[in-house]
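Asker: Right, I'll just put the structure down here and ask away after.
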Amino acid sequence: MEASRRNVVIPAHVWTPWFSLFGAFSGFDRVDDCYQDMTGRIFALETGLSSDPPMNWRLSSLDRYTLVSNSDSHSSWPWRIGREANVFKLDEFTYDDVVEAIRSKDAERFLFTIETYPEYGKYHWTGHRSCGVSVPPGEAISLGNVCPVCRRRMTKGVEQRVEELADRPRGFTPVGVPGYRRLLPLSEVIQTILGVNYPGVQKVWAVYNALISRFGNEYSVLLDAPFDEMAEIVDPRIAEAVIRIREERVRLTPGYDGVYGQVRIFEDEEAEGLMEKRGSDRASGEAGRRQRSLTDYI
Ligand SMILES: [Zn+2]
Ligand SMILES: [Zn+2]
């Protein structure tokens, strides 16, 4: 900020237990306690993978901040980019226009954020990894945050931390602010359905590239592509998975204490049913039965 008045600071993944603004272990309860006399310069907060806008809307003290979502792409894998994103509608796409749209919280210019499902994040629930214990906030509180197996202190998850600081009930929705959409990365969706270990393999990218060349880019596939048009060119289970994720019709086992959440798109019989309908030459029914979690390999 001293170097240029145009520089801005947006705190990243503000709820992560370790080293973040509201982190359960090292953080603060209020933005002012963290930034003190510089608080006035903070106008936006980045919600991180384990929290989404509805969780943040439960704190009236955050009303003055714009919520943004970034990928937190710490690795060199290109498919980590764009897991979360901010969608703008601007006449000109310049640095100043983007900053101004964020600062204004104007839903006409800053349309929505793209969020992974917050349960996908690895600190969503409270728990103790080495004992395999994972509990929702209410249960963690009644256990006094002590692991029922080994009696050590559990790692407090983001959902419990939000619960502690929230002054509004679940489901509170402010008016006139940018919205959000829940998605998961396309390469990981394809990887899961094909039952392969890693999104970097040729088999995954063949499907990925077929969809991209038909629909233009990953977000068009995830947000807009119709089932029938996708199913013409790829395994219909992949088309169906994209639709279910878009419509929030997937189940998740929340992440806890450094363990990523588990996403399940199909029950086994459903995946097989889709394969039969299709005539079954491009992928084996076995892959459906062996479907792995999206997050096994992250
Ligand atoms: Zn980070
Ligand atoms: Zn334990």
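Asker: If I stretch the segment between T39 and L165 completely, what's the gain in nm (0.36 nm per residue apart, minus their alpha carbon distance), one decimal?
Answerer: Numbers: separation 126, 0.36 × 126 = 45.36 nm, distance 1.85 nm.
Result: 43.5 nm gained on full extension.
Asker: Report the FRET efficiency, 1/(1 + (r/R0)^6), for V146 and S26, where r is their Cβ-Cβ distance and R0 is 22 Å, rounded to 0.05.
Answerer: E between V146 and S26, to the nearest 0.05, is 0.60.
Asker: Sorting R41, R251, R151 by accessible area (1.4 Å probe), largest first, what list results?
Answerer: The ordering from most to least exposed comes out as R151, R251, R41.
Asker: As I understand it, the dipole of the chain uses +1 on the Cβ of Lys and Arg and -1 on the Cβ of Asp and Glu, about the Cα centre. Which of A12, V158, L222 lies farthest toward its positive end?
Answerer: Checked the options; the winner is V158.
Asker: What value, in deg cm²/dmol to 500, does the helix sum -39500 (n - 2.57) over DSSP H runs of n ≥ 4 give at 222 nm once divided by the residues of the chain? It would help to have the intermediate numbers written out before the result.
Answerer: On the way: 12 runs with 96 residues, N = 298.
Result for the chain, helices only: -8500 deg cm²/dmol.
Asker: Please list, in chain and number order, the residues 5+ apart from I42 or on another chain whose amide H is under 5 Å from its amide H, with Hs placed from the backbone.
Answerer: none
Asker: Another question about this same structure. Which value, in Å² and to the nearest 10, is the accessible area of Y260 when all protein chains are kept and the probe is 1.4 Å?
Answerer: Around 50 Å² of this residue is reachable by solvent.
Asker: Is there a quick way to get the dipole size of the chain? I mean about its Cα centre, with the Cβ of Lys and Arg at +1 and of Asp and Glu at -1; what is the value in debye to the nearest 20?
Answerer: 740
Asker: Quick check: residue separation of R64 and T173 times 0.36 nm, minus the Cα distance between them. What number comes out in nm? Write out the running numbers ahead of the final one.
Answerer: Numbers: separation 109, 0.36 × 109 = 39.24 nm, distance 1.44 nm.
Net length gain for the segment: 37.8 nm.
Asker: Between E229 and R251, with labels modelled 7 Å along Cα→Cβ, what's the label distance in nm to one decimal, could you check?
Answerer: Those two pseudo-labels are separated by 3.2 nm.
Asker: A further question follows. Using only the heavy atoms of the protein chains and a 1.4 Å probe, how would T66, T94 rank by accessible area, largest first?
Answerer: T94, T66
Asker: Could I ask something else about it? Pop out the Kirkwood hydrodynamic radius of the chain from its pairwise C-alpha distances, inverse of mean 1/r, in Å to one decimal. Don't skip to the end; give the middle numbers.
Answerer: On the way: mean 1/r = 0.0484 Å⁻¹.
Value: 20.7 Å, from the Cα pair sum.
Asker: As I understand it, the dipole of the chain uses +1 on the Cβ of Lys and Arg and -1 on the Cβ of Asp and Glu, about the Cα centre. Which of S73, G258, N209 lies farthest toward its positive end?
Answerer: Looking along the dipole axis, the top candidate is G258.
Asker: The stretch 86-125: which GluC sites (Glu not before Pro) are DSSP loop and have at most 15 other beta-carbon atoms within 10 angstrom?
Answerer: For GluC sites (Glu not before Pro) across the stretch 86-125 that sit outside H, G, I, E and B with at most 15 neighbouring Cβ atoms in 10 Å, the list reads E92, E108.
Asker: Say we join alpha carbon atoms closer than 10 Å with springs in a Gaussian network model of the chain; which of R83, R168, R246 then has the biggest fluctuation?
Answerer: Taking springs between Cα atoms under 10 Å, the residue moving most is R168.
Asker: Quick one: length gained pulling A210 to V99 fully straight, 0.36 nm per residue minus the C-alpha distance?
Answerer: 36.5 nm
Asker: Remind me, relative contact order of the stretch 1-182 in percent, using alpha carbon pairs under 8 angstrom and six or more residues apart? Display every interim value, and only then the final one.
Answerer: Details: 332 pairs, mean separation 41.9, N = 182.
Relative contact order for the stretch 1-182 comes out at 23 percent.
Asker: What distance in nm separates the two pseudo spin-label positions at W77 and E2, each 7 Å out from Cα along the beta-carbon direction?
Answerer: 3.9
Asker: Antiparallel DSSP bridges in the chain: what percent, to the nearest 5?
Answerer: Working: 13 of 21 bridges.
In the chain, approximately 60 percent of DSSP beta bridges are antiparallel ones.
Asker: With every protein chain kept in the model, how would you rank K89, K122, K203, K156 by accessible area, 1.4 Å probe, largest at the top?
Answerer: K89, K203, K122, K156
The values are calculated or read from the model by the stated rules, or taken from the named source; none is laboratory data. Only a predicted model underlies this, so the values are computations on that prediction, with no experimental measurement involved. Cβ atoms come from the backbone with ideal geometry, glycine included; neighbour counts cover every protein chain shown. Just so you know, the surface numbers come from the protein's heavy atoms only, side chains and all, with ligands and any DNA or RNA stripped out. Shrake-Rupley method; radii C 1.70, N 1.55, O 1.52, S 1.80 Å.
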